[in-house]
Amino acid sequence: MKKLNGDKITFKVRDLEIGKDKIIIAGPCSVESREQIIEIAKKLKRIGVDILRGGVFKPRTSPYDFQGLGIEGLKYLKEASEITGLPIITECMEEKYLDIVAEYSDIVQIGSRNMYNYPLLKAVSKIDNPVMLKRGISATIKEWTMSAEYLAQYGKKNIILCERGVRSSDTYTRNLLDLAAVPIMKKETGLPVFVDPSHGTGIRELILPMSKAAFAAGADGIMIEVHENPDSALSDGFQSLNINQYKEVYKAVKEKSY
Ligand code: PEP
Ligand code: MN
């Protein structure tokens with residue numbers, strides 16, 4: 001009955017082999033302006049990066065915080081992709097924007113808050129783009145697996161899972177990064193599993209050790225937030241790396257095998 005039975009799944013995003021290559025996704029939490037996303041894309045490309053991230057529809061806790069540039073931001077992201085040749089990933093929060101997000105991006109991200117949005121998951125199960133399904137804020141392994149089944153129910157295979165931490169009793173870190181979920185979800189579903197240490201810890205200094213640990217645990221990729229000037233970021237600046245800190249992470253994980 002289950003479509004994801006543990007048989008290993010790999011697939012291509014342009015010339016990247018997801019599930020085989022060691023993938024790094026990096027970029028700002030939010031696309032803030034045309035110049036911002038193009039400039040950071042160029043800098044990341046120069047250092048080395050596989051996929052560019054940038055949110056344009058932002059699931060903010062407060063409705064008074066920056067909500068993202070929407071479709072205008074999608075266009076800037078696409079332009080950054082065309083200039084640098086980098087594939088892009090961005091989040092879709094609502095079914096009404098799914099077609100346009102799918103058209104402009106290489107990978108569609110389903111954020112933590114929407115892991116339980118079954119109508120959205122059903123709609124996403126019908127698109128051709130690869131999809132990244134982030135773990136719900138306090139989702140169990142079973143719930144996360146079943147949400148992946150919602151995506152896979154009609155035969156969709158190009159799904160990436162992303163561990164991004166779960167809420168715990170300890171508020172020292174933003175979330176509790178569950179690295180045991182990496183081998184568990186790989187075994188349970190066969191899908192590529194990525195780790196997002198930025199949202200997973202919410203602490204900049206933990207990104208490097210947790211990136212190493214993610215690959216040591218068998219992750220197929222990491223996703224990290226990078227901003228040219230984290231202190232002035234419109235979202236998640238406190239957990240974003242600057243360019244030099246990103247370079248350190250890139251070198252550490254690409255040049256060594258964990
Ligand atoms: C994000 O990656 O932009 C994001 C909002 O993360 P999460 O859905 O994991 O909170
Ligand atoms: Mn963020």
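Rule-based calculations on the coordinates, nothing more; no lab input. This structure is a prediction, so every number in the text was calculated from the model and none was measured. Note: ideal-geometry Cβ built from the backbone for every residue, glycine included; neighbour counts use all protein chains shown.
Equivalent ellipsoid of the chain: semi-axes from √(5λ) of the C-alpha gyration tensor, largest first, are 24, 21, 18 Å. A quarter of the convex hull surface defined by the alpha-carbon atoms of the range 91-220 gives 7.6 nm² as the mean projection.
Volume per residue of the convex hull around the Cα atoms, evaluated for the range 154-258, comes out as 124 Å³.
When only alpha carbons are used to place a centre, the range 242-258 and the range 216-234 end up 11 Å from one another. Rounded to the nearest 20, the Cβ-based charge dipole of the range 176-223 about its Cα centre (Lys and Arg +1, Asp and Glu -1) stands at 100 debye.
Rounded to the nearest 20 debye, the dipole magnitude of the range 105-178 is 140 debye, with +1 charges on Lys and Arg beta carbons, -1 on Asp and Glu beta carbons, and the Cα centre as origin.
Structure shown: which of LYS42/LYS96; LYS12/LYS187; LYS45/LYS96; LYS78/LYS247; LYS8/LYS122 lie over 29 Å apart, alpha-carbon to alpha-carbon?
Result: LYS42/LYS96; LYS45/LYS96 exceed 29 Å.
Here the chain carries DSSP beta bridges of which approximately 15% are antiparallel, counting only pairs with both residues inside. Under 5 Å from the amide H of GLY27 lie the amide H atoms of ARG53, ILE224, VAL226, each residue being 5 or more positions distant or on a separate chain, with H modelled from the backbone and absent for Pro and chain starts. Whole-Hz Karplus values for the range 124-130 come out as 5, 4, 9, 8, 7, 4, x Hz, taken residue by residue from phi with 6.51 cos²θ - 1.76 cosθ + 1.60 and θ = phi - 60°; glycine and proline positions read x. Note on VAL31, VAL56, VAL166: ascending count of other Cβ atoms within 10 Å places them as VAL166, VAL56, VAL31, the fewest first.
When each of the peptides 221-230, 4-13, 17-26, 98-107 is scored by how many other beta carbons lie within 10 Å of its residues on average, the order from highest to lowest is 221-230, 17-26, 98-107, 4-13.
For VAL166, nonlocal amide neighbours, meaning residues 5 or more places apart or on other chains whose placed amide H falls under 5 Å from its own, are LEU176, LEU177, ASP178. Residue pairs exceeding 25 angstrom between C-alpha atoms, taken from LYS43/LYS75; LYS20/LYS75; LYS142/LYS256: LYS20/LYS75; LYS142/LYS256. Couplings for the range 116-121, taken from phi via the Karplus curve 6.51 cos²θ - 1.76 cosθ + 1.60 with θ = phi - 60°, read 9, 8, 4, x, 5, 4 Hz in order; Gly and Pro are left as x. Counting every other Cβ atom within 10 Å of each residue's Cβ, THR189, THR140, THR173 order from fewest to most as THR140, THR173, THR189. All distinct Cα pairs of the range 1-115 go into the 1/r average, and the inverse of that average, the Kirkwood radius, is 15.0 Å.
Would you kindly state how much longer the chain becomes between LEU176 and LYS22 on full extension, computed as 0.36 nm times their sequence separation minus their alpha carbon distance, in nm to one decimal?
Here the segment from LEU176 to LYS22 would lengthen by 53.1 nm.
Take 68-80, 243-255 and order them by the average number of nearby Cβ atoms within 10 Å per residue, most first; the result is 68-80, 243-255.
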